Amino acid sequence: MALNIKSVAAERKVRLLARATGESISEAIERAAEERLARLRVERGVDARIRRVKALLDSFGPVPDGPSVKEIDDWMYDEHGIAR
């Protein structure tokens, strides 16, 4: 199957890539497409994991109010800083 590249800039980049790698134009295009697809799969996988983690965190609901750090310190230590 043939491609008809109408962009002069795209053609120039593909030719430079092929020349730099020693590949044919077809090989350069195929490899570039494979590498880009692989990056997209990774990026989409990371985005999907982030969405799942956020959904999980949201499912826990709000964090309940608890004692302040000072209240915890007062409970754990006496006025001299010694553990109770």
Any idea what the dipole of the chain comes to, in debye rounded to 20, about its Cα centre with Lys/Arg Cβ at +1 and Asp/Glu Cβ at -1?
1020 debye
Tell me what the chain gives for mean residue ellipticity at 222 nm when only DSSP H runs of n ≥ 4 count, each as -39,500 (n - 2.57), the sum divided by the residue total, rounded to 500 deg cm²/dmol.
-23000 deg cm²/dmol
Assuming R0 = 22 Å, can you tell me the calculated FRET efficiency for the pair LEU40 and ALA9, based on Cβ-Cβ distance, to the nearest 0.05?
0.50
Counting other Cβ atoms within 10 Å of each Cβ, which trypsin sites (Lys or Arg not before Pro) in the stretch 6-74 have at most 10 and sit in a DSSP loop?
LYS6
Output ³J(HN,Hα) for the stretch 30-43: one whole-Hz value per residue in order, computed from phi by the Karplus curve 6.51 cos²θ - 1.76 cosθ + 1.60 with θ = phi - 60°, and x for Gly and Pro.
4, 5, 4, 5, 4, 5, 5, 4, 4, 4, 4, 4, 5, 4
Leading residue at positive end of dipole, the stretch 1-48 (Cβ point charges), from MET1, LEU16, ILE29
LEU16
How big is the Kirkwood radius of the stretch 8-76, worked out from every pair of different alpha carbons and given in Å to one decimal?
16.9 Å
Restricting to DSSP loop positions (anything but H, G, I, E, B) with no more than 15 other Cβ atoms inside 10 Å of their own Cβ, which chymotrypsin sites (Phe, Trp or Tyr not before Pro) remain in the chain?
PHE60
The chain: most fluctuating residue of VAL46, VAL63, VAL14 per GNM, C-alpha cutoff 10 Å
VAL63
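We did not get these values from a lab; they are worked out from the coordinates using the rules stated. Quantities reported herein were computed from a predicted structural model and do not represent experimental measurements. Cβ sites come from the backbone with ideal geometry, for glycine too, and all protein chains shown count toward neighbours.
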